[in-house]
Amino acid sequence: SIIAIGFLFLFSFIPYLNYNVYGQTTQLINGNGQGSIAVLCPGSPPGGPSTITTFNAFGTSNGTVTSGTFQANMGATGTINGSISGGKVDSSGFYTLSGQLTTNICPSLGTTFSFSLNGQCSENGTPVLIRLMSPIMGTPIIIGNYVGVVNCNITSNIDTDRDGILDSADNCPLIANP
């Protein structure tokens with residue numbers, strides 16, 4: 001009977017093991033592409049240089065983005081650096097990222113702008129459209145359209161054994177934990 005109580009005690013902690021893994025920070029998305037960017041500064045003609053962009057973001061296994069980086073290299077015009085602070089990568093294959101850009105390409109408006117980056121995740125390395133938007137008071141200041149590969153680490157919302165723990169975080173996805 002002491003052995004039975006020991007096993008009961010041991011197995012009573014197994015469901016809690018899942019919660020230590022679930023919610024852990026992981027790389028959710030990374031992408032790179034080439035395209036053009038329009039910079040709309042007051043008093044200056046719109047610029048549309050060719051650019052290369054790269055980004056990556058980290059977050060929790062449910063697709064919530066918590067941090068990341070963004071960079072657009074614009075050749076002679078300069079580099080736009082960004083810090084990703086939020087967003088979502090959803091199980092249907094779409095993403096939205098947001099944060100702050102830092103650049104001196106439009107000095108009359110300052111050097112820091114909010115931005116959003118969104119699009120569809122690539123399937124099997126297929127290039128997709130990547131959209132960048134940085135508005136000030138509703139007016140777009142920086143608009144980028146890129147084509148590139150966006151790799152998303154999407155977790156499924158499936159719970160096969162119906163124990164309340166998604167298969168992606170379950171230590172035993174086919175059998176419910178006691």
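Apply 1/(1 + (r/R0)^6) to the Cβ-Cβ distance of residue 147 and residue 112, taking R0 = 45 Å, and write down the FRET efficiency to the nearest 0.05.
FRET efficiency, residue 147 to residue 112: 0.95.
Mind listing the long-range amide H neighbours of residue 51? Cut-off is under 5 Å, sequence gap 5 or more, other chains count too, H placed in the peptide plane at 1.01 Å from N.
Those lying under 5 Å, H to H, from residue 51 are 35, 36, 37.
What figure in square angstrom, to the nearest 10, would you give for the accessible area of residue 147 with a 1.4 Å probe?
Roll a 1.4 Å probe over it and residue 147 shows about 90 Å².
If you add up the charges near residue 175, with Lys and Arg at +1 and Asp and Glu at -1, over every other residue whose beta carbon is less than 9 angstrom from its beta carbon, what do you get?
Counting the neighbours of residue 175, the net charge comes to -2.
Quick one: Karplus J couplings for segment 133-148, per residue in order, coefficients 6.51, -1.76, 1.60, θ = phi - 60°, nearest Hz, x for Gly and Pro?
3J(HN,Hα) across segment 133-148, in whole Hz: 9, 9, x, 10, 6, x, 9, x, 9, 10, 10, x, 10, 10, 10, x.
The values are calculated or read from the model by the stated rules, or taken from the named source; none is laboratory data. The structure presented is a predicted model; accordingly, all values stated were derived computationally and were not measured. Note that we place each Cβ from the backbone using ideal geometry, even for glycine, and neighbour counts take in every protein chain shown. Ligands, DNA and RNA are excluded from the accessible area calculation, which covers all protein heavy atoms including side chains. Shrake-Rupley method; radii C 1.70, N 1.55, O 1.52, S 1.80 Å.
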